[in-house]
1. How big is the charge dipole of segment 326-427 about its Cα centre, in debye rounded to the nearest 20, if each Lys and Arg gets +1 on its Cβ and each Asp and Glu gets -1 on its Cβ?
2. Using a 1.4 Å probe on the protein chains only, how many percent of the accessible area of the chain belongs to carbon and sulfur?
3. Measuring with a 1.4 Å probe in the full set of protein chains, what accessible area per residue, in whole Å², belongs to segment 1-81?
4. Keeping all protein chains in position, work out how much accessible area residue 142 exposes to a 1.4 Å probe, and write it in Å² to the nearest 10.
5. Per the Debye formula with a single identical scatterer at each Cα and no solvent contribution, what log10 I(q)/I(0) holds for the chain at q = 0.11 Å⁻¹?
6. What residues qualify as long-range amide H neighbours of residue 188, i.e. H under 5 Å apart, gap of 5 or more or another chain, H built at 1.01 Å from N?
7. Students often check this: by mean Cβ neighbours within 10 Å, which of 222-228, 302-308, 111-117, 121-127 ranks highest, and how do the rest follow?
8. Sorted by mean Cβ packing within 10 Å, highest first, what order do the peptides 351-357, 146-152, 213-219 take?
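The values are calculated or read from the model by the stated rules, or taken from the named source; none is laboratory data. In this text, all values refer to a predicted model and were calculated from it rather than measured experimentally. Cβ atoms come from the backbone with ideal geometry, glycine included; neighbour counts cover every protein chain shown. The accessibility values were calculated without ligands, DNA or RNA, using every heavy atom of the protein model including side chains. Shrake-Rupley method; radii C 1.70, N 1.55, O 1.52, S 1.80 Å.
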Amino acid sequence: MKERVLLVGGGGREHAIARALADTTVYGFSSNRNPGIDSLAETVHLGSETDTDAIVDFATEVDATVAMIGPEASLAAGVVDALEDAGVYAFGPPAEMARLETDKAYQREFMAEQGIDARPAFETFGNPEPAIDYLESVDGDVAVKPRGLTGGKGVRVTGDQLSKTEATVYIRESDYKEWVIEERLVGEEFTVQAFVANDTVRPTLAVQDHKRAYEGDEGPNTGGMGSYSDTGPVLPFMTREEYEAAVEILEETVEALGDYRGVLYGQFMLTSEGPKVIEYNVRFGDPEAMNTLPVLETDFLDVLTAARNGSSLPALEFSGQATVCKYAVPSGYPVDPDAGAKITVEVNEATETDRYYASVDEQEDGLYTTTSRSFAVLGRGESIVKAESRAEAALVDVGEGFHIRHDIGTDELVESRIDHMETIRGM
Ligand code: GLY
């Protein structure tokens, strides 16, 4: 049977998924036009990524045999449930299980109830005032999290981004009402994404994302400015045992969830006591999908069809290349972004670089920036340093009107992560 894959979502992550499925027939459904997905898909339908009826209608129209859902908002809206009701298998969790990402209070309570101990101490609050009282009463620094989805931009950490007094003002002035306040975790952050279905958990390589807007991890949080992975599953600042401990936490989580299917994304803090869960996501990361799928040698379609057919997922093979991904975002992003800069960066296979579009405005004479992340360049190579220099070489012609974190994946930044972990372990 010739597979027909419905792909929901139109960002850089979904462009990477479309490329991983380039040998099959893909039908896109997204709220924005992504020229990268357009060039790979049979057709792309524009519509709201949370409109479950419209997504089911499109899946039926194109006779989709399997669906891959990119964005968390679609999962939260129940797209997987609706497709399942219509007889279309979707590789993603139903809305009830997507709460693991979309409801931070549920996430922590689930971990506590299931005895998954790799987590900080936490308290949950239904109103701002008790959250503020608690914040003022606790010793030590905390992470302050709105309960729901915030596009990665809602969390504030005291002793890092702001003082405790500023955190109380943040809660009081915020539009968010419900909060989780938890002990601040100190260490190095990393992500492990696993493919999960039919009691199989297949972990992929560890990746380190960079959420802060400016070099040196300064500035406001963003959706992610870039990320790197090494030639094997482990990042330079961690041991093999620490990576395996993170994978065990994901396995423990899947067991506690029961019949989970889709991508389970663990955002970990590597602390002096090993990895602890900062949060779970129930989908690929953006940009982490760009570090993972281009070096995955196992056919991603085989993962999707094995999941649908009730089989064990195939063992995963990777190319052994390191990757460095850097997002080009409009100048002023995320606070006061200027749209309208022309995108001129070229990539090609000979230079081991790829380009993934996120949010771009397609005009007759070319592509222009919007006010969101524009595109990512991925360099691949036999080391992180080599992959980084390839990404930078491609970005040299980026022109005016863009901001890029040039420090991501540099030897200097990676060494500082190793030094940081050595200090933490020695504490
Ligand atoms: N890279 C962060 C996220 O995808 O949520």
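1. Values: 10 positive and 21 negative charges, 70 e Å.
So the dipole magnitude of segment 326-427 works out to roughly 340 debye.
2. Working: 7240 of 16670 Å².
Percent of accessible area from carbon and sulfur atoms in the chain: 43.
3. Working: 2870 Å² over 81 residues.
Spelled out: the 1.4 Å probe surface of segment 1-81, per residue, equals 35 Å².
4. Estimated to the nearest 10 Å², residue 142 gives 10 Å².
5. Each listed q maps to, in turn, -0.83.
6. 270
7. Numbers: 222-228: 26.4, 302-308: 19.9, 111-117: 13.1, 121-127: 15.6.
Per-residue mean Cβ counts within 10 Å order the peptides as 222-228, 302-308, 121-127, 111-117.
8. Working: 351-357: 22.1, 146-152: 16.4, 213-219: 14.6.
Result, highest mean first: 351-357, 146-152, 213-219.
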